[in-house]
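Written out below as structure tokens is the structure these notes cover.
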Amino acid sequence: MLVLSNVSKHYGDTQALAPTDLQVPAGETLVLIGPSGCGKSTLLRLIAGLIQTDSGALRLEGTVLTPANILHARQRMGYVIQEGGLFPHLTVRDNVTVMARYLHRDTGWIDSRLKELAELVRLPHELMPRFPDELSGGQRQRVSLMRALMLDPELLLLDEPLGALDPMIRYELQQELKSIFGQLSKTVVMVTHDIAEAAFFGQTLVLMRDGRIVQTGPFTELAQKPAEPFVEQFITAQREPMEQLAAVLR
Ligand code: ADP
């Protein structure tokens, strides 16, 4: 279980995240959603320990995360960003195994884990010697996911992992990612700005606006019992283009 208590962050005059409480039960997929600039990535980066909180505390399985233990705690987290964030000068194999090698994991273990993960994300083994710019966008995201899973983290943090992909590849990877989450039963926190994607992945949606959480709950609850007019506006704004498209096709 990941617990945030009164966590906040500002940049200069901008309150990127107002004091926030949030709980992510172990094994659940929680999706952070909201308009651009509402604080989704800030919240994810705070959880990952990439930036420091102004106030409050984060607890991972009861342990308060501090600057002193965050590097160790990060080995229990896998992090994927929109463009994959792969090191361009490292091959697929070296990107995926970089932390394991840094931690002096056994070479046999590294090789078998690499093979297992390539099968899980369906990445052909012959791509292992390639560099990131020799891969398609979808393949890069598969590699990025392999890297995030390499050390078998308890917590998987995904910041718009499918945002840069074209719709067909995005759809395919959505299906596969969901099946992977199901197989691994990891705790997942995912950022997206797409309500359909959020509803597809998330047991719980966390809708944010201007650095604060507006409503937390399953999609059906947000749709049927919006906490504020904004919730309805946000859902309608994304639903209408789809309904217009459906009307044209009818
Ligand atoms: P989202 O992920 O929802 O698009 P962010 O968390 O990236 O939003 O940003 C929240 C707010 O914090 C925005 O107003 C953004 O401009 C600001 N912000 C984010 N990162 C920084 C930074 N490194 N320096 C200054 N302002 C930032």
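The values are calculated or read from the model by the stated rules, or taken from the named source; none is laboratory data. Being a predicted model, the structure only gives us computed values, none of them experimental. So basically every Cβ, Gly included, is an ideal-geometry build from the backbone, and we count neighbours across all protein chains shown. These area figures cover heavy atoms from the full protein model, side chains too; ligands, DNA and RNA do not enter into them. Shrake-Rupley method; radii C 1.70, N 1.55, O 1.52, S 1.80 Å.
In the stretch 146-159 there is at least one residue matching the filter, namely being away from the ligand (no atom under 16 Å from the Cβ), within 18 Å of Leu50 (Cβ to Cβ) and open to solvent by 40 Å² or more (accessible area, probe 1.4 Å). Looking across the stretch 18-36 at every residue that is in contact (Cβ under 8 Å) with a residue 60 or more places away in the chain and surrounded by fewer than 14 Cβ atoms within 10 Å (Cβ to Cβ), the one that is farthest from Leu222 (Cα to Cα) is identified as Ala26. Could we say that Ser41 is within 16 Å of the ligand (Cβ to nearest atom), under 22 Å from the mean Cα position of the chain (by Cα) and open to solvent by 40 Å² or more (accessible area, probe 1.4 Å) here? Considered against the rule, which asks whether it is within 16 Å of the ligand (Cβ to nearest atom), under 22 Å from the mean Cα position of the chain (by Cα) and open to solvent by 40 Å² or more (accessible area, probe 1.4 Å), Ser41 comes out as no. Collect the residues in the stretch 1-30 that are away from the ligand (no atom under 15 Å from the Cβ), at pLDDT 95 or above and of a type in the set (Gly, Ala, Ser), keeping them in residue-number order. If the condition is that a residue be away from the ligand (no atom under 15 Å from the Cβ), at pLDDT 95 or above and of a type in the set (Gly, Ala, Ser), then Ser5 is the only one that fits.
Condition check: out of contact with any Phe, Trp or Tyr (no Cβ under 6 Å at 6 or more places or on another chain), at pLDDT below 95 and within 19 Å of Leu32 (Cβ to Cβ). Does Gln75 satisfy that? Here the answer is no, as Gln75 does not meet what is asked. Tell me, yes or no, whether the stretch 174-191 has at least one residue that is open to solvent by 60 Å² or more (accessible area, probe 1.4 Å) and within 16 Å of the ligand (Cβ to nearest atom). Within the stretch 174-191 (the criterion being open to solvent by 60 Å² or more (accessible area, probe 1.4 Å) and within 16 Å of the ligand (Cβ to nearest atom)), the answer is no, since none of the residues qualifies. When the stretch 65-114 is filtered for residues that are free of Cβ contacts under 8 Å to residues at least 60 places away in the same chain, under 23 Å from Leu158 (Cβ atoms) and among the acidic types (Asp, Glu), only Asp94 remains. The strands (runs of 3 or more DSSP E) located wholly in the stretch 115-230 that include 1 or more residues which are free of Cβ contacts under 8 Å to residues at least 24 places away in the same chain and within 30 Å of Tyr11 (Cα to Cα) occupy 212-217. Taking every residue in the stretch 47-59 that is open to solvent by less than 40 Å² (accessible area, probe 1.4 Å) and pairing it with any residue that is hydroxyl-bearing (Ser, Thr, Tyr) and away from the ligand (no atom under 16 Å from the Cβ), at least 6 positions away or on another chain, the pairs with Cβ-Cβ distances below 7 Å are Ala57/Ser5.
Of all residues in the stretch 2-17, those satisfying the criterion of being exposed (fewer than 14 other Cβ atoms within 10 Å of the Cβ) and of a type outside the set (D, E, K, R) are Asn6, Tyr11, Gly12, Thr14.
Of the residues screened, Thr216 is not one that is under 20 Å from Cys38 (Cβ atoms), open to solvent by less than 60 Å² (accessible area, probe 1.4 Å), under 25 Å from the mean Cα position of the chain (by Cα) and hydroxyl-bearing (Ser, Thr, Tyr).
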